[in-house]
Amino acid sequence: MQLAENLNRLGTETAFEVLARAAELQRQGKDIINLGIGQPDFKTPGHVVEAAVKALRDGHHGYTPANGILELREAVSADLRRRHGVEVHPDTVVIMPGGKPTMFFSILMFGTPATEIMYPDPGFPIYRSMIQYTGAKPVPIVLREQSEFAFSADEVLAQITPRTSLIILNSPGNPTGGAVPKAEVEKLVKGLAGHPHVTVLWDEIYSQMLYDGREHVSLLRYPQIRDRLIVLDGWSKTYAMTGWRLGFSVWPAALVPHVTRLCVNSHSCVNAPTQWAGIAALTGPQDAVIKMVKAFDERRRAIVPMLNQLPGFKCISPGGAFYAFPNVTGTGLSAKELQNRMLEQAGVATVAGTSFGIHGEGYVRFSYANSIDNIRKAIERVGAMLTEQG
Ligand SMILES: Cc1ncc(COP(=O)(O)O)c(C=O)c1O
């Protein structure tokens, strides 16, 4: 076999490995509580499921345009107007099979061995994986606990070089739950004026999950960068639709033909009934979303004090998403070692911070997409394990 050499540079999402090991332990009869999972533990709202069933019954089972059906792109435009107060032409919206393909395609478009791409660290692992795959130089944007895991606009701007082609930013963030404040966003936008050769990939897939009255400030609100802004969003988290594979992105008009060709060359289009379900999600009642975010907030308020009581743990209150990211350096264990012990000895699945970049050492991600009872039971088990070993 003569495999392409760049395959060796492609990484993965280790969260899936933890899930596989947790499933194996469950098969052996062990009682595992899963706080490793990156998806809501809620059901897709009933009216959304019904819309997909109806679409199939109505005969929507063929190919659709590669960029998505117009009705759905119009619904996305209306949703962006409602949520961010911005005008986005439906022709600049591209429907994707999930949020991930938007990062896959934009990194493919901007990554070459001659370019540098910035990405958040700790951050979603696929960013770095794909940057490496293209041969571009990965330049981490370090996210720090002291700044509540928000990026520093000054640091981002200071790292720009003539070779920087793309800056990837994610707020609210996975794995940290960090949400960037408006002042930092504005500083970044202002600074970008001096670097017209740089494009931004803005991942706001958790934008509807913000707590304590925080407001999501979308980069879409800044017309001065719209011609070099790619926005990644989707239904996976907001509507508990991870397995449906439905996402959308907003592109500068000049890039739409390129991304559309990438879609044609890879998946052709997103399956038709799912697109009709997406319309129902955006245009129907939003009470399921509100209910889910309220539940996440309650769990967030419960899990943070519990984590802070564990010996060697220190956890700030996350501003968004559904992850807590405690500092565990006080346990004396590496993140990976602690992750493995919690899974094997306490039956609690979590994900080591190092799965999200080298700056994740000393941290472990706890997803609170699980019931308060399970969260309490899990933290109690970890507490007992740490005390026993202490
Ligand atoms: C920050 C971030 N972006 C994008 C995605 C991808 O979402 P999807 O499942 O829609 O591909 C995830 C999923 O975990 C994520 O955490």
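For segment 71-110, a tally of residues being away from the ligand (no atom under 15 Å from the Cβ), of a type outside the set (A, V, I, L, M, F, W, C) and open to solvent by less than 10 Å² (accessible area, probe 1.4 Å) returns 2.
Among the residues of segment 271-279, is any within 23 Å of the chain's Cα centre (by Cα) and small (Gly, Ala, Ser)? Yes. Take Ile375 and decide whether it is open to solvent by 30 Å² or more (accessible area, probe 1.4 Å), closer than 30 Å to His216 by Cα, in contact (Cβ under 8 Å) with a residue 24 or more places away in the chain and of a type outside the set (S, T, N, Q). Considered against the rule, which asks whether it is open to solvent by 30 Å² or more (accessible area, probe 1.4 Å), closer than 30 Å to His216 by Cα, in contact (Cβ under 8 Å) with a residue 24 or more places away in the chain and of a type outside the set (S, T, N, Q), Ile375 comes out as no. Being open to solvent by 70 Å² or more (accessible area, probe 1.4 Å), out of contact with any Lys or Arg (no Cβ under 6 Å at 6 or more places or on another chain), closer than 21 Å to Phe149 by Cβ and not in a strand (DSSP E or B) is a description that applies to Arg301.
Taking the conditions (1) closer than 27 Å to Glu13 by Cβ; (2) in contact (Cβ under 8 Å) with a residue 40 or more places away in the chain; (3) outside any helix (DSSP H, G or I); (4) open to solvent by 10 Å² or more (accessible area, probe 1.4 Å) in turn, Pro65 satisfies each one other than (1). Filtered by the rule that a residue be within 16 Å of the ligand (Cβ to nearest atom) and either without any contact (Cβ under 8 Å) to a residue 24 or more places away in the chain or hydrophobic (A, V, I, L, M, F, W, C) (or both), segment 21-60 gives Leu35, Ile37, Phe42, Val48. Scanning segment 257-299 for residues that are hydroxyl-bearing (Ser, Thr, Tyr) and within 15 Å of the ligand (Cβ to nearest atom) yields Ser266, Thr274. The residues of segment 112-135 that are open to solvent by less than 30 Å² (accessible area, probe 1.4 Å), within 13 Å of the ligand (Cβ to nearest atom) and of a type in the set (A, V, I, L, M, F, W, C), listed by number, are Ile126, Met130.
Meeting the requirement of 2 or more residues that are over 19 Å from the mean Cα position of the chain (by Cα), away from the ligand (no atom under 12 Å from the Cβ) and surrounded by 18 or more Cβ atoms within 10 Å (Cβ to Cβ), the strands (runs of 3 or more DSSP E) wholly within segment 141-256 are 164-170.
Among the conditions (1) at pLDDT 95 or above; (2) under 26 Å from Arg300 (Cα atoms); (3) not in a helix (DSSP H, G or I), Arg83 misses just one, which is (3).
One line per residue, one yes/no per condition, for (1) of a type in the set (S, T, N, Q); (2) closer than 26 Å to Ser218 by Cβ:
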{"position": "Asn34", "(1), (2)": "yes, no"}
{"position": "Ile37", "(1), (2)": "no, no"}
{"position": "Phe42", "(1), (2)": "no, yes"}
{"position": "Val48", "(1), (2)": "no, yes"}
{"position": "Asp58", "(1), (2)": "no, no"}
{"position": "His61", "(1), (2)": "no, no"}
{"position": "Thr64", "(1), (2)": "yes, no"}
{"position": "Asn67", "(1), (2)": "yes, yes"}
{"position": "Arg81", "(1), (2)": "no, yes"}
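Name the residues in segment 314-343 that are within 15 Å of Thr176 (Cα to Cα), free of Cβ contacts under 8 Å to residues at least 60 places away in the same chain, hydrophobic (A, V, I, L, M, F, W, C) and outside any helix (DSSP H, G or I), would you? Cys315, Val328, listed by residue number.
So for segment 300-311 (the condition being under 19 Å from the mean Cα position of the chain (by Cα) and free of Cβ contacts under 8 Å to residues at least 24 places away in the same chain), does at least one residue qualify? No - not one qualifying residue is present in segment 300-311. Considering Gly11, Gly68, the condition of being under 30 Å from Asn370 (Cβ atoms) and within 15 Å of the ligand (Cβ to nearest atom) is satisfied by Gly11 alone. The set of residues from segment 304-327 being of a type in the set (Lys, Arg) and buried (at least 20 other Cβ atoms within 10 Å of the Cβ) is empty. Residues of segment 14-38 that are open to solvent by 70 Å² or more (accessible area, probe 1.4 Å) and either under 17 Å from Asn374 (Cα atoms) or part of a helix (DSSP H, G or I) (or both): Phe16, Glu17, Arg21, Glu24, Gln26, Arg27, Lys30, Asp31.
The values are calculated or read from the model by the stated rules, or taken from the named source; none is laboratory data. What you see is a predicted model, and the numbers here were worked out from it, not measured in a lab. Cβ: placed from backbone, ideal geometry, glycine included. Neighbour counts: every protein chain shown. SASA here: full protein model, heavy atoms, side chains in, ligands and nucleic acids out. Shrake-Rupley method; radii C 1.70, N 1.55, O 1.52, S 1.80 Å.
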